[in-house]
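Worksheet for the structure shown next.
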Amino acid sequence: MSDQKLFAGHAVRRIRRASGLTQSAMAEALGVSPSYLNLIERNQRPLTAALMLRLADRFDFDPRTLSGAAPGGGVEAVRRRLADPAFADLGLDRAAIADWMAFAPEAVEAFARAFDRAGASGGPALHLGDPIAEVRQEIERWRNHFADLDAQAEALADELRLGSGDLYGAIAERLRVKHQLTIRILPVDVMPDRLRRLDLHARQVQLSELLDPASRTFAAGFQLAQLEAREEIEALVAGATFAERAGERLYRRHLTSYFAAALMMPYARFLRACEATGYDLDLLQRRFGAGFEQVAHRLTTLQRVGARGLPFFMLRIDRAGQSSKRYAGASNSPLVESDLRCPLWQVHHAFDRPGSLQRQLVELEDGSRWFTLARTVHPQGAQAGGVAAEFAVGLGVEASLATSLAAARGVDLSAGAATSIGLGCRQCLRADCAQRSAPPQGRVLTFNERERGLTPFAFAGD
């Protein structure tokens, strides 16, 4: 371990600034000279594993995040963005980009986010007034881990367990005794277009009969969160700055759902179960009475200081590839950050085998490997004759961290065959992909009337 090195100056600088320290003060805390720390922050010296351990000991953070924390996804990712024709006259080469990342990592990250939000569709650069984008940015700022909510939900879950082994029954009883609310299950013809409703006049939490047991528990927990975690949730909402009320309401709903999931899957017990079972998704569902999507989302939140789980990412897409949920958590995965995706990624093929867990080892253009899982889910509430909604949920973790996963048994994560994928054709520079649907942005198309390649989109290299 002591021989391993990496360049992570941007991350070290971010840790120092977050701690409010000068280079001299941080250097003293780490037992190195200020000039050496300066070279590290400028990526002119590597960060040794020994120094990384000292950083982790003195400045509480997860060392695993250093390798994937490059602003904008790293030099190659920023280079792909700058290949856009809009920047063709600037003549920025790899060395200039590397210097920019070393001296102004925050500016690089800001540029990357603005560019990505513009997307390939030519939308407004910053999506101003987009409450969903604003909420997602706030969630990722916290890495989708809200320590105060987790602690309160865990304490409440322990209290409820003392009275009953049935969580749903215990929540129902607490609502009845402490809040004078009863839960009533209503037939679909009485509540045809709602899954949950609070009727204060009747003092009832009304739930649709369409909800399965896991969803009923979650709905009851959601109502309890609105009543008993209001102060903590409102403090988080007040600390965020949204352009409009819609963002506040979406964020409040996310935090309330977070509490409900934490109530069903209390942090310490859930993490122990994950580690004991090798993050076996089926066993976790059964042990905690939760659905697949609920467990998948919970896996992205395990970032408690001193008790971190694996840094999973999660996304949910429909058959058209549109994402309705994206949580990078602590993974820093470009597979989540990109609005575009590769059709060779198995998450798109999950629809071909509904309910079956698909596993895949993928490799991105930058050489990073990710072990991913995908399965279809069907939201509660589908009615006969109505739209039977179906989504695919994708989970993933960096391949080097996936050795303990039950689903990864028998997979050579380091040297085994991996599917080469990109971040959508417009950002992918792989010239030998027969699945290509469009040329990459910023590359000149080339033509040879005497030949026909794998795709009609041959393009010039660097």
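Shown is the FRET efficiency for T277 and A389, computed with R0 = 22 Å from the Cβ-Cβ distance and rounded to the nearest 0.05: 0.15.
Equivalent ellipsoid of the range 147-264: semi-axes from √(5λ) of the C-alpha gyration tensor, largest first, are 23, 20, 12 Å. As I understand it, the value is the acute angle between the Cα axis of helix 105-118 and the longest principal axis of the Cα atoms of the chain; what does it come to in degrees, rounded to 10? With rounding to tens, the tilt is 70 degrees.
Classify the range 342-410 as rounded, prolate or oblate, taking a ≥ b ≥ c as the square roots of the eigenvalues of its Cα gyration tensor: rounded when a/c is under 1.5, otherwise prolate if a/b is larger than b/c and oblate if not. Because a/c hits 1.5 or more and a/b exceeds b/c, the range 342-410 counts as prolate.
The stretch between D193 and A98 holds 28.8 nm of extra length on full extension. This uses 0.36 nm per residue minus the Cα-Cα distance.
Helix 230-239 and the longest principal axis of the Cα set of the chain meet at an angle near 30°.
Placing pseudo-labels 7 Å out from each Cα toward the beta carbon at E209 and V32 gives an inter-label distance of 6.6 nm. If R0 equals 45 Å, the separation of the Cβ atoms of A320 and T48 corresponds to a calculated FRET efficiency of about 0.45.
Centre-to-centre, using Cα atoms only, the range 206-248 and the range 317-390 are separated by 25 Å. Note that the range 387-462 carries a Kirkwood radius of 15.9 Å, evaluated over its alpha carbons pair by pair.
Once the C-beta distance of R287 and E363 is scaled by a Förster radius of 41 Å, the resulting FRET efficiency is 0.80 to the nearest 0.05. The stretch between R161 and A246 holds 27.0 nm of extra length on full extension. This uses 0.36 nm per residue minus the Cα-Cα distance. Once the Cα atoms are used to define both axes, helix 49-58 deviates from the longest principal axis of the chain by about 40 degrees. Could you tell me whether the range 195-319 comes out rounded, prolate or oblate from its Cα gyration tensor? Rule is a ≥ b ≥ c as square roots of the eigenvalues, rounded for a/c under 1.5, then prolate if a/b exceeds b/c, otherwise oblate. Verdict is oblate for the range 195-319. Remark: spin-label model distance I132-R430 equals 2.7 nm, labels positioned 7 Å along the Cα→Cβ axis.
All of the numbers you see were taken from the coordinates with simple rules; none came from a lab. Nothing here was measured: the structure is a model prediction, and the numbers come from that model. All Cβ positions, even for glycine, are placed from backbone atoms using ideal geometry, and neighbour counts span all protein chains on display.
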